[in-house]
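A quick write-up on the structure given underneath.
The values are calculated or read from the model by the stated rules, or taken from the named source; none is laboratory data. Only a predicted model underlies this, so the values are computations on that prediction, with no experimental measurement involved. Here the Cβ positions follow ideal geometry from the backbone for every residue, glycine too, while neighbour counts run over all protein chains shown. Remember, those area values only see protein heavy atoms, side chains included, never the ligands or the DNA or RNA. Shrake-Rupley method; radii C 1.70, N 1.55, O 1.52, S 1.80 Å.
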Amino acid sequence: MPDDNTKKWQDHPVLIAICSGAAALIFAQTVIFPTMTASLQNEVSSARSQMQEVATLRDQFKKATEDTAKAKLELKAAQLNNVFSVGNPYPIGLDKLRIGDGLDAIFANFSEASVTKNSASYWSVKLDHAAFREVVYYFDQPSSRNLKDRKIRALLFFAGDRSSGVVREKLTAALGNPSTSGPKPDCVVWTLSKDLLVRADGNSLFIANTQPSCAVEER
């Protein structure tokens, strides 16, 4: 049997603390640490999986953005090659508003942010079009306070940088040879009917219900 001294050592606080610490360390090494390691490994694996998913989504978004940009370029190239349809002076894609339409038709076809209400006589609209960068709509009855009374009497399209110089060429292909030309260089006029006349030069297209002049700038 253990003597009193042995019992005293066994009951000594230091020895008890050492034994308890050793037991705790063994428990930690055999139970807690493996559990924590497995949990951390799972978290790392999950994080890697999420990173891979994010990278995949980023690549898909990049490709979608590139495809959209490519499609827009192809659309604009097609618009530039086919600006007008045969017999029609209104540019393809911009032919919903015509002489005689009301002001409400402008907001029905363009965003309010793209429209500038310059004066009672005309409004301008910034365009996202291959051939034309801007269009100005001129109104009759500018003194009328009732906007519904005002109708479009003329349209002035300004060519973009890529289409500068080709407006007359494309119109000639669509409308045939012009009725008159000059005195302004490269300016020609088509008389399609008594209420539909067209003027074109290298940088603009003017459609009106009265005879336009190549010697006068509309704006």
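Annotations for the structure displayed:
- Per atom type, the stretch 95-187 shows carbon and sulfur on 45% of its accessible surface, probed at 1.4 Å.
- Potential lengthening between Asp140 and Thr172 on full extension [0.36 nm per residue; Cα-Cα distance subtracted]: 8.7 nm
- Checking every one of the GluC sites (Glu not before Pro) in the stretch 168-219 against DSSP loop status and a limit of 16 other Cβ atoms within 10 Å picks out Glu217, Glu218.
- Cβ charges +1 (Lys, Arg) and -1 (Asp, Glu), total dipole of the stretch 158-198, debye: 20 debye
- Length released on extending from Gln41 to Thr191, taking residue separation times 0.36 nm less the Cα-Cα span: 46.0 nm
- The stretch 105-206, relative contact order [Cα under 8 Å, separation at least 6], %: 19 percent
- Each residue was assigned an accessible area with a 1.4 Å probe, and for Asp161 the value is about 150 Å².
- Taking every protein chain into account, the 1.4 Å probe leaves Thr116 with about 70 Å² of accessible area, to the nearest ten.
- Cross-link pairs exceeding 21 Å in C-alpha to C-alpha distance, out of Lys96/Lys148; Lys117/Lys194; Lys117/Lys148, comprise Lys117/Lys194.
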